[in-house]
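Shown next, in structure tokens, is the structure this report addresses.
Derivation of every value follows stated rules applied to the coordinates shown; laboratory data play no part. Treat the numbers as computed from the prediction; the structure is a model and nothing was measured. In this analysis, Cβ positions are derived from the backbone assuming ideal geometry, glycine residues included, and neighbour counts consider all displayed protein chains.
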Amino acid sequence: MSELGSVTWPPVPIKTERLVLRARLARDREAYIGLLASPEVHAYLGGARPREEVEREVPGIPETRSGRFVVELDGELIGHILLTKETGYLPQAAGKAELGYLFLPEAWGRGYAAEACRAVLDWFAGELPGEPVVLATQTANVPSMRLAAKLGFAEVERFEAYGAEQWFGMWNPGAPGDPGITVQ
Ligand SMILES: CC(C)(COP(=O)(O)OP(=O)(O)OC[C@H]1O[C@@H](n2cnc3c(N)ncnc32)[C@H](O)[C@@H]1OP(=O)(O)O)[C@@H](O)C(=O)NCCC(=O)NCCS
């Protein structure tokens with residue numbers, strides 16, 4: 001996965017009503033490993049890898065690649081949001097920023113993912129004005145499909161991959177559906 005482009009990184013931590021979004025720090029390691037090794041989190045992402053394997057791969061000092069946000073609630077990591085420039089598994093995705101999101105199961109169903117993703121999209125629109133963001137998710141992943149719709153992603157197409165139907169959507173800053181949330 002490539003760098004996002006000419007953005008300021010690490011970012012000034014973004015504060016929303018309930019959350020803080022920031023670059024990953026060494027103290028996030030345990031919770032981050034728990035997120036990557038969670039079978040529930042990876043139910044629609046091809047399954048989780050064994051914890052020992054994830055532990056070997058996650059460095060003690062975090063990578064500094066742009067567009068990777070830790071979502072913090074009361075000082076603890078509850079999720080991870082990624083904006084990466086896709087290398088093009090679909091022609092429409094080539095060269096565009098792609099949004100991905102992973103939250104710990106105990107943080108689901110409280111609107112944290114929507115609050116955090118809106119803030120990240122708002123940040124992105126400020127850093128790279130006018131650039132669209134794309135997103136792909138399994139159609140069977142109902143919470144993810146609902147989140148994509150809430151964030152204002154519009155369907156571009158559906159396709160089959162990894163033995164399942166995938167939904168591919170696009171978000172354009174300022175388009176209808178973009179809530180245009182203001183980050184505090
Ligand atoms: C996809 C995922 C991030 C969605 O998380 P989520 O918590 O369901 O998403 P939201 O933040 O939108 O919150 C959803 C619910 O919180 C409820 N909620 C409770 N309190 C709320 C509040 N104060 N404000 C807003 N919503 C609130 C909402 O009603 C909403 O339910 P609805 O969608 O039925 O209306 C989560 O399921 C996940 O991490 N899954 C595993 C990883 C994954 O599959 N990622 C997709 C890769 S592309």
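Every test in (1) loosely packed, with under 15 Cβ neighbours inside 10 Å; (2) more than 10 Å from the ligand (Cβ to nearest atom); (3) of a type in the set (A, V, I, L, M, F, W, C) is passed by A43 save one, and that test is (2). Taking the stretch 129-140 as the range and being in contact with a helix residue (DSSP H, G or I) (Cβ under 9 Å, 6 or more places away or on another chain) and assigned to a loop (DSSP other than H, G, I, E, B) as the test, the residues that pass are E131, T139.
Has the stretch 49-71 got at least one residue that is assigned to a loop (DSSP other than H, G, I, E, B) and under 23 Å from V142 (Cα atoms)? Yes - at least one qualifying residue is present in the stretch 49-71. Checked against the criteria, E160 does not count as free of Cβ contacts under 8 Å to residues at least 60 places away in the same chain, exposed (fewer than 13 other Cβ atoms within 10 Å of the Cβ) and in a helix (DSSP H, G or I).
Of all residues in the stretch 134-148, those that are touching a residue at least 40 places away in the same chain (Cβ under 8 Å) have Cβ atoms under 9 Å from Cβ atoms of residues that are assigned to a loop (DSSP other than H, G, I, E, B) and near the ligand (Cβ under 8 Å from one of its atoms), 6 or more apart or on another chain, in T137/Y44; Q138/Y44; Q138/L45; A140/Y44; N141/A43; N141/Y44; N141/L45; S144/Y44.
The residues on offer are G79, G100, and the sole one that is within 13 Å of the ligand (Cβ to nearest atom), closer than 21 Å to L45 by Cα and surrounded by 22 or more Cβ atoms within 10 Å (Cβ to Cβ) is G79.
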